[in-house]
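Peer 1: Structure provided below as C-alpha cells; questions to follow.
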Amino acid sequence: MTLDLAAPQLAATILDGKAMAGLLKAEVARDIAKLNSLSVVPGLAVALVGEDPASNVYVSSKVKACHDLGIQSSMEHLPASTTQAELLALIDRWNADPNIDGILVQLPLPKGIDVNAVVDHVHPSKDVDGFHPHNLGLLVSGRPGLVACTPAGIMKMLAIYGQSSGWTPAGKRAVVLGRSITVGKPMAALLVNAHATVTVCHSRTPDLAGRVAEADLVIAAVGSPKLVQGGWIKRGAVVVDVGIHRGDTGKLCGDVDFETARYMAAAISPVPGGVGPMTIAQLMRNTVDACIARRNVTLPTS
Ligand code: GUN
C-alpha cells in the first residue's frame with residue numbers, strides 16, 4: 001500500500017516519553033524520600049565493558065538519572081580486554097554488598113564474554129534489567145517480578161496514553177518486531193499478559209509489511225533505520241519506536257519512518273524523546289522496587 005498524503009490525515013498523538021518519564025520519576029522520587037525517612041538509600045551498580053560509544057552514552061544517562069533522584073550509583077568502566085572471570089568476580093562483590101539493590105551490566109558485551117553466564121550470575125533480587133531466567137520465568141507465568149526496563153517503560157507509556165484516550169492493549173492485535181531478550185521477548189509476554197493477541201516478527205518473518213498492516217499496535221525493535229514505512233501501518237494504529245540510529249547527517253531516527261507513519265497512526269512515539277527516557281525512568285523504578293523488596297521495608301503512606 002502506498003501512502004496517499006492527499007487523503008484526510010489523522011493528527012497522531014505524539015507519545016512524549018520525556019514528559020511521561022517525568023511523571024514516572026516524580027513517583028520514584030516520592031518513594032525515595034520515604035525510604036530516606038527510614039534511613040534507606042537505594043543503590044545501583046553499573047558495569048560498562050569496552051568502548052561502545054552508544055553504550056557509553058546510555059550508561060552516562062543512567063548514572064545521571066540516579067544522581068538526579070538520589071539513588072547511590074557505583075559505576076565501573078572496564079577495558080574491552082576484561083575476562084569473563086573478572087566480570088563475574090565483580091558481580092560476586094556486588095551481589096554480596098548490602099548497599100547495592102540493583103546490578104546492571106550494559107549490553108552488548110565484548111566478544112569472549114558469554115552474556116548468558118553474566119546474566120545468570122546477577123542475583124535475581126538485584127536483577128533490575130529483568131534478564132535473569134528467574135525473572136523472565138515470573139514474567140511469562142504472569143507473576144510479579146523485575147521486568148526489563150524498555151518493555152516495562154513502554155507498558156507505562158501505553159497506560160498513560162490510555163488514561164487520556166481510553167485506549168487499551170486488551171483485545172488488540174499487537175505486532176512486535178524483534179525477538180531480543182532486552183525488548184522483543186519480554187514485550188510480547190507483557191502484551192499477552194495484558195490480553196493482546198501478539199505476533200512476534202524477526203529476520204526470517206516473510207511479508208513483514210503484511211504483518212504490520214494487521215496490527216492495532218506496532219512495537220518496532222529491529223535495529224534497522226526507518227524500516228517501517230507509513231504505508232505499512234493500519235490507519236489508527238498505535239506505533240512505538242524502540243530503535244535509535246544516527247543518520248549520515250548526524251540526525252537521530254528510529255526503526256519507523258516517523259514522517260510518513262505519523263499520518264497513519266493514532267499515536268506514535270518519536271525518536272529521540274520517546275522510549276529512551278521511559279527506559280531510564282523504569283530503571284529507577286526497578287531499582288527502588290528491588291530496594292523495597294530486598295530490605296523488606298514498608299513505605300509510610302502519604
Ligand atoms: N543494552 C541495550 N539496552 C539495554 C538494557 O536495557 N539493559 C542493558 N543492561 N543493556 C542494554
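We did not get these values from a lab; they are worked out from the coordinates using the rules stated. Small disclaimer: the values here were computed from a predicted structure and weren't measured. Because the Cβ atoms are built from the backbone with ideal geometry, glycine has one as well, and the counts that use them run over all protein chains shown.
Peer 1: Report, for segment 200-278, the % of DSSP beta bridges that are antiparallel, rounded to 5.
Peer 2: 20 percent
Peer 1: Only Cα pairs within less than 10 Å get springs; with that Gaussian network setup on the chain, which residue of 145, 250, 22 has the largest fluctuation?
Peer 2: Taking springs between Cα atoms under 10 Å, the residue moving most is 250.
Peer 1: Work out the length of the dipole vector of segment 97-253 about its Cα centre, built from +1 on the beta-carbon of each Lys and Arg and -1 on the beta-carbon of each Asp and Glu, and round it to the nearest 20 debye.
Peer 2: 540 debye
Peer 1: How large is the Kirkwood hydrodynamic radius of segment 252-302, in angstrom, based on all distinct alpha carbon pairs?
Peer 2: One over the average 1/r among Cα pairs gives 13.8 Å for segment 252-302.
Peer 1: About its Cα centre, how strong a charge dipole does segment 69-148 have in debye, to the nearest 20, once Lys and Arg get +1 and Asp and Glu get -1 at the Cβ?
Peer 2: For this selection, approximately 160 debye.
Peer 1: Quick check of the Kirkwood formula: for the chain, what is the inverse mean of 1/r over all pairs of different Cα atoms, in Å?
Peer 2: About 20.0 Å for the chain.
Peer 1: Between beta-carbons, use under 14 Å as the cut-off and find the net charge around residue 218, counting Lys and Arg +1, Asp and Glu -1.
Peer 2: Local charge sum for residue 218: +2.
Peer 1: Between residue 202 and residue 37, take the C-beta separation as r, use R0 = 35 Å, and let me know the FRET efficiency to the nearest 0.05.
Peer 2: 0.15
Peer 1: Can you tell which of 39, 14, 94 lies farthest toward the positive end of the dipole of segment 1-104, using +1 and -1 charges on the Cβ of basic and acidic side chains (Lys, Arg; Asp, Glu)?
Peer 2: Going by the Cα projections, it comes out as 39.
Peer 1: Relative to the longest principal axis of the chain, what angle (0 to 90°, nearest 10) does the C-alpha long axis of helix 184-193 take?
Peer 2: Taking Cα atoms only, the helix is inclined about 80 degrees.
Peer 1: When the scattering of segment 114-209 is computed by the Debye formula from its Cα atoms alone, each counted once and equally, what is log10 I(q)/I(0) at q = 0.11, 0.14, 0.19 Å⁻¹?
Peer 2: -0.35, -0.56, -0.94
Peer 1: Follow-up. Suppose each label sits 7 Å from its Cα in the direction of the beta carbon; what would the residue 55-residue 134 distance come out to in nanometres?
Peer 2: It works out to 2.4 nm between the two label points.
Peer 1: Give the separation of the Cα centroids, segment 118-134 to segment 15-34, in Å.
Peer 2: First find each Cα centre; the distance between them is then 24 Å.
Peer 1: Counting pairwise Cα distances across segment 1-158, what percent come out greater than 22 angstrom?
Peer 2: 52 percent
Peer 1: What does segment 155-302 give for Rg and for Dmax, in Å, if only its C-alpha atoms count?
Peer 2: 16.4, 53
Peer 1: Build a GNM of the chain with springs between Cα atoms under 10 Å: which of 99, 193, 36 gets the top mean-square fluctuation?
Peer 2: 36
Peer 1: Does segment 195-260 classify as rounded, prolate or oblate by the C-alpha gyration tensor (a ≥ b ≥ c root eigenvalues; a/c under 1.5 gives rounded; else a/b over b/c gives prolate, otherwise oblate)?
Peer 2: prolate
Peer 1: Would you please give the FRET efficiency between residue 165 and residue 19, computed as 1/(1 + (r/R0)^6) with r the Cβ-Cβ distance and R0 = 25 Å, to the nearest 0.05?
Peer 2: 0.95
Peer 1: Also, I was wondering about something else. For segment 20-31, just list the computed ³J(HN,Hα) in residue order, Karplus coefficients 6.51, -1.76 and 1.60, θ = phi - 60°, integers in Hz, with x standing in for Gly and Pro.
Peer 2: 5, 5, x, 5, 5, 5, 5, 5, 4, 4, 5, 5
Peer 1: I'd like to know how segment 225-276 sits against the 2.2 N^0.38 Å rule of thumb: what's its Cα Rg over that expected value?
Peer 2: Here the answer is 1.05, to two decimals.
Peer 1: Still on this model: If you place +1 on the Cβ of every Lys and Arg, -1 on the Cβ of every Asp and Glu, and leave all else neutral, what size is the dipole of the chain about its Cα centre, to the nearest 20 Debye?
Peer 2: The calculation lands at about 600 debye.
Peer 1: Among the trypsin sites (Lys or Arg not before Pro) in segment 199-279, which ones are in a DSSP loop with at most 10 other Cβ atoms within 10 Å of the Cβ? Mind listing them?
Peer 2: Passing both the DSSP loop test and the Cβ count: 204, 251.
Peer 1: Once every DSSP H run of n ≥ 4 in the chain is given -39500 (n - 2.57) and the sum is divided by its residues, what mean residue ellipticity at 222 nm do you get, rounded to the nearest 500 deg cm²/dmol?
Peer 2: Using -39500 (n - 2.57) per qualifying helix, the result is -12500 deg cm²/dmol.
Peer 1: Another question, then. Each residue of segment 200-212 in order: what ³J(HN,Hα) in whole Hz does its phi give by Karplus 6.51 cos²θ - 1.76 cosθ + 1.60, θ = phi - 60°, with x for Gly and Pro?
Peer 2: For segment 200-212, the Karplus-derived couplings read 9, 10, 8, 4, 9, 6, x, 6, 4, 4, x, 5, 4 Hz, x marking Gly and Pro.
Peer 1: Within straight cross-link reach of residue 156, meaning Cα distance under 30 Å, which lysines are found once same-chain residues fewer than 8 apart are removed?
Peer 2: 18, 25, 34, 62, 64, 126, 172, 185, 226, 234, 251
Peer 1: If amide H atoms are built 1.01 Å from N in the plane of the peptide, which residues on other chains or at least 5 residues away come under 5 Å of the amide H of residue 172?
Peer 2: 197
Peer 1: Further, regarding this structure: How many angstrom separate the Cα center of segment 165-185 from the Cα center of segment 218-272?
Peer 2: Using only Cα atoms, the two centres lie 15 Å from each other.
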